[in-house]
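Everything on this sheet refers to the single structure shown next.
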Amino acid sequence: MKYLVMVQGSQADYEAMRGQASDAGPAWSEKDVQAMFAFMGEVNNDLSESGEFVDGNGLAEPARTRFVSAGKDGKPVISDGPYSETKELLAGYWVLDCESLERVTEIAARIATCPAPEGAPVYPVVIRPILDGGGDV
């Protein structure tokens, strides 16, 4: 079964990783950022070696995000970020091919231990099964 494993973040989190503290959390040092990248690299390497890794990436900050929806007149309505109505957005993801929900949950629990500075926001790691062919809706 394939699963989408997602981590969230806010604009303030991206700014913190660039060394800018806010009410949302402390500034990250270069050492903090490197520890996070090293941790994620280890996770990705282990998942590649086990054959469970299908795809995965970190995403650009919310300020570089765009929402597109259909207006009442059928024309697109485009909103740029960051968004006051949405504090956290998808910050990164993995597509994993795992033998069970228990296994992907084990991986998500590991991802949840990613190092961060004391006082940094903590977000849940979200697991969503990927439907194969739409027959399981």
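The values are calculated or read from the model by the stated rules, or taken from the named source; none is laboratory data. The structure displayed is predicted, hence computed values, not measured ones. In this analysis, Cβ positions are derived from the backbone assuming ideal geometry, glycine residues included, and neighbour counts consider all displayed protein chains. Quick note on the areas: whole protein, heavy atoms, side chains included, nothing else; ligands and nucleic acids left out. Shrake-Rupley method; radii C 1.70, N 1.55, O 1.52, S 1.80 Å.
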Report summary line: Picked from region 93-110 (must be under 17 Å from the mean Cα position of the chain (by Cα) and surrounded by 17 or more Cβ atoms within 10 Å (Cβ to Cβ)), the residue nearest to Val54 (Cα to Cα) is Leu96
Requested in this report: Give me a count of the residues in region 37-74 that are surrounded by fewer than 16 Cβ atoms within 10 Å (Cβ to Cβ), under 26 Å from Ala109 (Cβ atoms) and out of contact with any strand residue (DSSP E or B) (no Cβ under 7 Å at 6 or more places or on another chain).
Outcome: 10
Query - Which numbered condition Val77 misses (of (1) modelled with pLDDT under 95; (2) under 17 Å from Val7 (Cβ atoms); (3) open to solvent by less than 70 Å² (accessible area, probe 1.4 Å)) - result: (2)
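Look at Glu30 and say whether it is free of Cβ contacts under 8 Å to residues at least 60 places away in the same chain, under 30 Å from Ser100 (Cβ atoms) and charged (D, E, K, R). Walk me through how you get there before you give the answer.
Working: free of Cβ contacts under 8 Å to residues at least 60 places away in the same chain: yes; under 30 Å from Ser100 (Cβ atoms): no; charged (D, E, K, R): yes.
Answer is no for this residue.
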